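Data first, discussion second: the structure below is written as structure tokens.
Bear in mind these aren't lab numbers, they're just calculated from the coordinates by the rules spelled out. All figures in this text were calculated on a predicted structure; none of them were measured in a lab. As a convention, Cβ positions derive from the backbone with ideal geometry for all residues, glycine included, and neighbour counts pool all protein chains shown.
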Amino acid sequence: MRIVLQKVKNANVKINNETVGEISNGFLLLLAIGKGDTREQSDFLVEKVCKLRLFSDAGSDSFMEKNILEVSGEVLVVSQFTLYGDCKKGTRPSFTDSEEPIKAKEMYEYFVNKIKEKVERVETGKFAEHMEVELVNDGPITLILEK
């Protein structure tokens with residue numbers, strides 16, 4: 001399981017010019033499910049996302065002292081199987097490390113449901129759809145999480 005986490009001032013995801021998910025002050029999570037990924041890995045990453053201290057106290061000089069729960073941040077989760085793209089050979093990426101769609105959708109939905117148990121506002125894109133994602137990266141802070 002692989003996540004590209006971006007701390008954002010705002011982010012949205014559109015399908016056919018219609019906004020299907022939108023947040024402010026929080027994390028945009030691009031989530032990829034790899035072959036054989038488990039619920040335990042998902043649980044670990046949900047905890048990691050919720051505990052990462054990437055927010056500052058309002059009006060103070062502190063830097064990265066608060067986690068997303070402490071600042072009532074929001075989360076936008078977007079499925080992104082291309083994070084498992086292998087470009088070592090040729091000019092077209094191979095996606096052999098990505099989980100097959102039925103299992104990947106199940107794990108994606110599991111991850112979303114688990115993070116919804118912890119974070120007050122969670123928005124999503126739509127699994128296996130062509131989406132347009134817009135964001136204002138805050139910092140910029142971008143991290144890669146894997147389990």
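For residues in the range 33-86 being part of a strand (DSSP E or B) and out of contact with any helix residue (DSSP H, G or I) (no Cβ under 9 Å at 6 or more places or on another chain), which is nearest to residue 143 (Cα to Cα)? Quick ask: steps written out before the conclusion?
Residues of the range 33-86 that are part of a strand (DSSP E or B), as a first pass: 34, 53-55, 66-67, 74-79, 86.
Now narrow it down to the ones that are out of contact with any helix residue (DSSP H, G or I) (no Cβ under 9 Å at 6 or more places or on another chain): 53-55, 66, 74, 76, 78, 86.
On the way: 53: 12, 54: 10, 55: 14, 66: 16, 74: 17, 76: 15, 78: 15, 86: 19 Å.
Only one residue tops the list, namely 54.
Just the residues that are surrounded by fewer than 18 Cβ atoms within 10 Å (Cβ to Cβ) and within 21 Å of residue 24 (Cβ to Cβ), please, taken from the range 86-116.
Hit for the range 86-116 is 116, nothing else.
It is to be established whether one or more residues within the range 27-48 are among the small types (Gly, Ala, Ser) and more than 21 Å from residue 146 (Cβ to Cβ).
Looking only at the range 27-48, we keep the residues that are among the small types (Gly, Ala, Ser), and these are 32, 34, 36, 42.
With more than 21 Å from residue 146 (Cβ to Cβ) added as a condition, the list becomes none.
Among the residues of the range 27-48, not one is among the small types (Gly, Ala, Ser) and more than 21 Å from residue 146 (Cβ to Cβ), which makes the answer no.
Contact list please: Cβ distance under 7 Å, first residue in the range 117-130 and of a type in the set (Lys, Arg), second residue surrounded by fewer than 20 Cβ atoms within 10 Å (Cβ to Cβ), pairs at least six apart or on different chains.
Close Cβ pairs satisfying both conditions: 118/50; 118/69; 126/15; 126/20.
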